[in-house]
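The values are calculated or read from the model by the stated rules, or taken from the named source; none is laboratory data. What you see is a predicted model, and the numbers here were worked out from it, not measured in a lab. For neighbour counting, all protein chains shown are included, and Cβ atoms are generated from backbone atoms with ideal geometry for every residue, glycine included. Heads up: the accessible areas ignore ligands, DNA and RNA and are worked out on the full protein's heavy atoms, side chains in. Shrake-Rupley method; radii C 1.70, N 1.55, O 1.52, S 1.80 Å.
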Amino acid sequence: MVTRSTLIYLSQREGLKEFAARFRLFKKLTSRFVAGETIDEAVEAIRQINADGCTASFDHLNESVASAAETLEEVREYQRVLGAIDKTDISSNVSIKLTQFGLEIDAELAYRNARTVVDDAARRANFVRIDMEGSDVTQKTIDLFKRLRGEFGVNDVGIVLQSYLRRTFDDAQDLLKLPARIRLCKGAYNEPPEVAFPEKKDVDKNYIRVMHVLLSSGVYHGMATHDPHMIDATIDFAKREGISKEAFEFQMLYGVRRDLQRQLAKDGYNMRVYVPYGKHWYPYFMRRLAERPANIWFVLKNLLKG
Ligand SMILES: Cc1cc2nc3c(=O)[nH]c(=O)nc-3n(C[C@H](O)[C@H](O)[C@H](O)COP(=O)(O)OP(=O)(O)OC[C@H]3O[C@@H](n4cnc5c(N)ncnc54)[C@H](O)[C@@H]3O)c2cc1C
């Protein structure tokens with residue numbers, strides 16, 4: 001039995017990433033979850049998503065940025081993405097990871113890089129979402145976000161909170177004072193029990209608790225989940241409290257529960273699809289398998305089909 005933590009562990013093995021990346025076939029199999037290697041391929045995928053009544057968020061995959069020069073290349077990539085969104089008129093914003101912008105090299109460098117992208121997005125009336133990564137960088141991510149939020153508007157830059165973290169309810173209340181646009185997800189990293197709830201039922205309970213606070217805040221937030229229970233709880237709460245469908249959005253990952261994505265859009269809910277693309281797809285792909293090891297069978301079945 002392949003466990004979630006084994007798959008997350010494998011996602012962090014650089015050597016395996018290089019090994020897997022050499023196989024064209026393996027790359028083909030990832031296409032269910034990764035929109036391609038280039039901006040143009042991601043734009044094509046987003047056109048389809050838009051045609052289904054959903055908006056999108058670009059995510060350039062590259063979690064192994066090791067030098068200041070590489071972080072500048074990431075900034076340029078996101079500037080190209082923002083330009084491509086304007087040029088092609090697709091409906092999409094962008095999601096960034098601060099480690100990609102140098103958070104583990106120098107927090108000031110990450111701030112300058114993120115600021116450049118948020119500034120570019122704000123000038124284009126677009127929006128930058130700062131993804132949340134492992135708990136070793138949670139506080140640094142929040143601090144950097146607050147600094148940016150002090151300089152830019154609530155509709156220019158937003159952040160992500162993870163319901164598996166014990167601290168998240170307090171973080172949500174603190175961030176709402178700014179106010180801030182928050183994407184709520186469950187969390188995708190291996191975390192120790194001191195910082196994260198080990199039991200799924202507690203992660204779910206906390207998701208619902210935080211969702212209540214977010215939806216009641218009057219700020220436009222994103223409920224990122226494929227879990228039908230979380231989705232139903234959100235819809236029920238919104239109905240009960242008289243919160244309109246336009247007041248928030250659901251968010252899901254590219255290739256995951258496409259049926260549900262289309263259904264929610266058809267039902268009149270705002271639905272955003274997170275669209276990862278790029279050459280460094282390996283850790284992202286492995287985390288998707290970790291979330292649902294049944295996806296390994298999906299991948300293997302496709303392999304056998306040829
Ligand atoms: C738009 C978006 C942005 C995200 N951003 C971040 C981020 O910044 N930081 C972070 O740590 N995590 C992020 N995540 C990942 C998130 O934390 C979870 O790991 C992931 O969404 C799985 O949790 P879940 O809520 O879907 O429910 P789970 O509890 O994992 O699953 C519940 C049910 O959802 C369905 N499901 C879940 N995953 C899959 C799948 N891969 N394939 C098919 N069905 C599935 C199944 O029916 C499953 O039983 C993001 C997720 C989304 C959707």
>> Helix-only mean residue ellipticity at 222 nm, the chain, DSSP H runs n ≥ 4 weighted -39,500 (n - 2.57), per residue, nearest 500. What is it?
In response: -16000 deg cm²/dmol
> Å³ per residue of the Cα convex hull, for region 40-92?
Replying inline: 68
> Given the convex hull over the Cα atoms of region 96-246, what projected area results after averaging over all orientations, in nm²?
Replying inline: 8.9
>> Applying a 10 Å radius around every beta-carbon, put 218-227, 102-111 in order of their mean neighbour count, most first.
In response: 218-227, 102-111
>> So, for the chain, what is the accessible surface per residue at a probe of 1.4 Å, expressed in square angstrom?
In response: 46
>> Give the separation of the Cα centroids, region 92-146 to region 241-291, in Å.
In response: 21
> How big is region 196-290 by the Kirkwood estimate over distinct Cα pairs, in Å?
Replying inline: 14.5
> For SER244 and ILE208, what is the calculated FRET efficiency with R₀ set at 25 Å and r taken between the beta-carbons, to the nearest 0.05?
Replying inline: 0.80
>> To the nearest 20 Debye, how big is the dipole of the chain about its Cα centre, given +1 on the beta carbon of each Lys and Arg and -1 on that of each Asp and Glu?
In response: 880
>> On the principal axes of its Cα set, how long, how wide and how thick is region 56-145? Give whole Å, largest value first.
In response: 37, 24, 21
> Can you give the extra length, in nm with one decimal, that the chain gains between ARG167 and GLU44 once fully stretched, where that is 0.36 nm per residue apart less the Cα-Cα distance?
Replying inline: 40.4 nm
> How much length, in nm to one decimal, is gained on full extension between LYS87 and ASP106, taken as 0.36 nm per residue of separation minus their Cα-Cα distance?
Replying inline: 3.5 nm
>> How large is log10 of I(q)/I(0) for the chain at q = 0.08, 0.12, 0.16 Å⁻¹ when the intensity is taken from the Debye formula with one equal scatterer per alpha-carbon?
In response: -0.33, -0.79, -1.56
> In the chain, carbon and sulfur make up what percent of the accessible area (probe 1.4 Å)?
Replying inline: 53
